[in-house]
1. Take each of the peptides 24-30, 100-106, average the number of other beta-carbon atoms within 10 Å over its residues, and list them starting from the highest.
2. Net charge within 15 Å of Glu87 by Cβ-Cβ distance, Lys/Arg positive one each and Asp/Glu negative one each, not counting Glu87 itself?
3. Could you order Arg12, Arg32 so the one with the most accessible surface comes first? Probe is 1.4 Å.
Amino acid sequence: MSIVIEQPVKARLVAAAPRMPNIPATLHYDRRDPFAVRMTFPAPATLEGVDVCWTFSRELLAAGLKSAEGHGDVRVRPYGYDRTVLEFHAPEGTAVVHIHSSEVRRFLEATSELVPVGLEHLQLDLDHDLAELMRDAC
């Protein structure tokens with residue numbers, strides 16, 4: 001069984017100009033980091049010209065389908081019938097993207113099949129992680 005889920009999505013960048021271009025993005029989930037999801041934007045779609053990856057909680061993404069969630073660097077909220085808005089806040093500025101809520105739901109369903117919500121802790125090997133931390137401390 002795969003331990004990683006990657007799902008391409010079409011993100012629509014909300015900009016000051018009236019035209020809202022579509023940009024490719026990818027949602028990632030790795031059961032070795034069961035509480036987190038990542039959203040990656042390829043280099044051509046970023047101001048810096050390098051891949052940009054944002055990591056945030058799977059719980060935030062799921063909750064943001066129903067109501068405005070998040071108070072930090074990543075905020076998620078529903079918008080209209082089948083859109084979800086993700087806001088990414090950085091010192092350089094804020095990026096706001098729309099994606100189809102159906103794509104988010106499909107991604108979350110796949111992650112839940114891999115690691116059911118509420119059972120994420122079973123994927124963690126705390127003894128191994130603690131041993132790694134202690135090894136690095138010496």
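1. On the way: 24-30: 19.3, 100-106: 16.6.
Put in order of decreasing packing, that is 24-30, 100-106.
2. Values: positive: Arg12, Arg75, Arg77, Arg83; negative: Glu69, Asp73, Glu92.
Residues close to Glu87 contribute a combined charge of +1.
3. Numbers: Arg12 80, Arg32 160 Å².
In descending accessible area the options line up as Arg32, Arg12.
The values are calculated or read from the model by the stated rules, or taken from the named source; none is laboratory data. Predicted model only: the values in this text are computed from it and were never measured. Glycine also receives a Cβ, built like all others from the backbone with ideal geometry; neighbour counts cover every protein chain displayed. Just the protein is used for accessible areas: all its heavy atoms, side chains included, with ligands, DNA and RNA removed. Shrake-Rupley method; radii C 1.70, N 1.55, O 1.52, S 1.80 Å.
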